[in-house]
Amino acid sequence: MKGRTDIVIGVQWGDEGKGRVVDVLAADAGVVVRYQGGANAGHTVVVDNEKYVFHLLPSGILYTGKSCVIGNGVVIDPDTLFEELDGLAARGKKTAKLVVSHAAHIVMPYHKIIDKLAEGARSEGTKIGTTGRGIGPCYADKYERIGIRAEDLVNPDVLRDKLSRTLKIKNDILTKIYGADPLDFDEIYEKALAWGRRMEPMLGDAFLEIDEAVRGGRNVLFEGAQATLLDIDHGTYPFVTSSSPCAGGACTGSGFGPSRIDRSIGVAKAYCTRVGEGPFPTEEMGEVGEELRQKGGEFGATTGRPRRCGWCDLVAVDYAVKVNGLDGLALTKLDVLDGFDEIKICTAYEIDGKIRKTFPSSCAELAKAKPVYATLPGWKCDISKCRTFDELPQAARDYVKYIEDNAEVPVVLIGVGAGREDTIRRGL
Ligand code: GDP
Ligand code: IMO
Ligand code: MG
């Protein structure tokens, strides 16, 4: 019998709780695959009151006896990868088998430096608010076809040739455009060879690991990083990341054909957050935003930056349903809304005096959008111990149903706390 394949995708602007959803679903999976992004991601998993934050490791890594795959679509900062593995070892944790695609690109020291210099050089209003992890410059090199791939780290001659050609260009950019110091070839070359020595046993044909698992009856989870509205094509460009978090990215980023995907599950917070710059129609700048930030602990898992907070945006949810072909939603952090007297939810936008219910693909249009809200009653009680949908108070059930009715897809999982067990599963 064939294994089941699910993609888990962020619906909003990231940090929806993809890591915790993957951790819950991974119990029934054989393989967990990261297919895009890099160490810009911060995926939090809480097991037995212990907190783990993964940047590059798939969130299934805590399950021994399973496999985790870092696919060709990911950009890898080897220092971060090894730090994460060493961190788990230092905590005495055994981990899943890890397979890294030969074709994954490597974030080189110059990518991180140029990321920060480019961001610093952008004027107010054009800043993106990147994580500074070298993501954009690394993907730019991939598409320019001058990137260093994981396989190059274990081929010293190829690495020498590629790196010497690329570093010449990068040093021109560093010195002539940014007035910064040039980088030393030998230092980077030696560092990259050392990365290769440690990474060699992990390198493999990642697509085969996935293919064989599915054929052998094991379920596979594709773990998206970032989210729909940060997608390079479908997000709020240019305030986006440089990869394809949307469902299609799971196929290109892993070498797994679309006809073999069974379900796409979108992860949405019960409200909404964004870190970094760019339009955010339901953003609450005052007390409500502050209350959501404090109650939700909305500070970045990667950079520690305070996240911008606001009400749930059903126009954006509808967009994510369509762009990804979502089969269901995982609604996280419902418990964060426990104390509110009433809860607003955006059902449409007003743009230039006209009401529209669909998300504009023009970022300039979106920047003008004013939210049109429905107001629902709060439930004003602690829901963190609820484990079934029926145990939730009526107002909380009504809020979930309101989202389902508008999104036209079922809410298949609800988060009522950060822990693995703080989960209501409804058919997933
Ligand atoms: P990701 O990047 O999508 O994996 O999300 P992050 O880990 O960056 O941010 C989600 C945060 O919310 C983390 O601190 C999680 O521990 C926490 N979290 C996830 N689900 C829930 C939930 O249902 N309730 C509460 N209170 N916290 C949650
Ligand atoms: P996870 O997987 C939230 C945002 C940055 C910035 C923009 C571009 O934890 O949900 P980049 O460094 O990628 O070039 O930055 O994207 N961003 C994220 N925001 N969660 C993330 O990942 C993010 N990864 C990138 O803040 O606005
Ligand atoms: Mg995160």
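The values are calculated or read from the model by the stated rules, or taken from the named source; none is laboratory data. Remember, it's a predicted structure, so these values are computed and weren't measured experimentally. Counting neighbours? That spans all protein chains shown, and the Cβs are built from the backbone with ideal geometry, glycine included. Protein only, heavy atoms only, side chains kept; ligands, DNA and RNA dropped before computing areas. Shrake-Rupley method; radii C 1.70, N 1.55, O 1.52, S 1.80 Å.
Any chance the range 59-73 includes a residue that's within 14 Å of ligand 3 (Cβ to nearest atom), farther than 30 Å from ALA180 by Cβ and in contact with a Gly (Cβ under 7 Å, 6 or more places away or on another chain)?
Scanning the range 59-73, I find at least one residue that is within 14 Å of ligand 3 (Cβ to nearest atom), farther than 30 Å from ALA180 by Cβ and in contact with a Gly (Cβ under 7 Å, 6 or more places away or on another chain), so the answer is yes.
Take the residues of the range 289-332 that are polar (S, T, N, Q) and in contact (Cβ under 8 Å) with a residue 12 or more places away in the chain: which is farthest from ligand 2 (Cβ to nearest atom)?
So in the range 289-332, the residues polar (S, T, N, Q) come out as 294, 302-303, 324, 332.
After this cut, where a residue has to be in contact (Cβ under 8 Å) with a residue 12 or more places away in the chain as well, the list is 302-303, 324, 332.
Working: THR302: 6, THR303: 7, ASN324: 15, THR332: 12 Å.
Filtering first and then ranking leaves ASN324.
Answer yes or no as to whether CYS346 is touching a residue at least 24 places away in the same chain (Cβ under 8 Å), part of a strand (DSSP E or B) and within 16 Å of ligand 3 (Cβ to nearest atom).
Taking the combined requirement at face value, the residue does not satisfy it.
Only residues that are on the phi > 0 side of the Ramachandran plot and among the small types (Gly, Ala, Ser): list them for the range 4-39, please. Full working, then the answer.
Our first condition is that a residue be on the phi > 0 side of the Ramachandran plot; within the range 4-39, this holds for 14-15, 17, 37.
GLY14, GLY17, GLY37 - these are the residues of the range 4-39 that are on the phi > 0 side of the Ramachandran plot and among the small types (Gly, Ala, Ser).
Which members of the range 365-380 meet the condition of being of a type in the set (Lys, Arg) and within 20 Å of ILE343 (Cβ to Cβ)?
Result: LYS370, LYS380.
Give the residues of the range 357-384 that are without any contact (Cβ under 8 Å) to a residue 24 or more places away in the chain and not hydroxyl-bearing (Ser, Thr, Tyr), sorted by residue number.
PRO360, ALA364, GLU365, LYS368
Would you confirm whether any residue within the range 42-64 is in contact with a helix residue (DSSP H, G or I) (Cβ under 6 Å, 6 or more places away or on another chain), in contact (Cβ under 8 Å) with a residue 60 or more places away in the chain and away from ligand 2 (no atom under 14 Å from the Cβ)?
Yes, because at least one residue in the range 42-64 is in contact with a helix residue (DSSP H, G or I) (Cβ under 6 Å, 6 or more places away or on another chain), in contact (Cβ under 8 Å) with a residue 60 or more places away in the chain and away from ligand 2 (no atom under 14 Å from the Cβ).
Tell me which of these LEU229 doesn't satisfy, since it passes every other one: (1) assigned to a helix (DSSP H, G or I); (2) surrounded by fewer than 23 Cβ atoms within 10 Å (Cβ to Cβ).
(2)
Would you mention how many residues in the range 1-48 are in a helix (DSSP H, G or I), open to solvent by 10 Å² or more (accessible area, probe 1.4 Å) and among the acidic types (Asp, Glu)?
1
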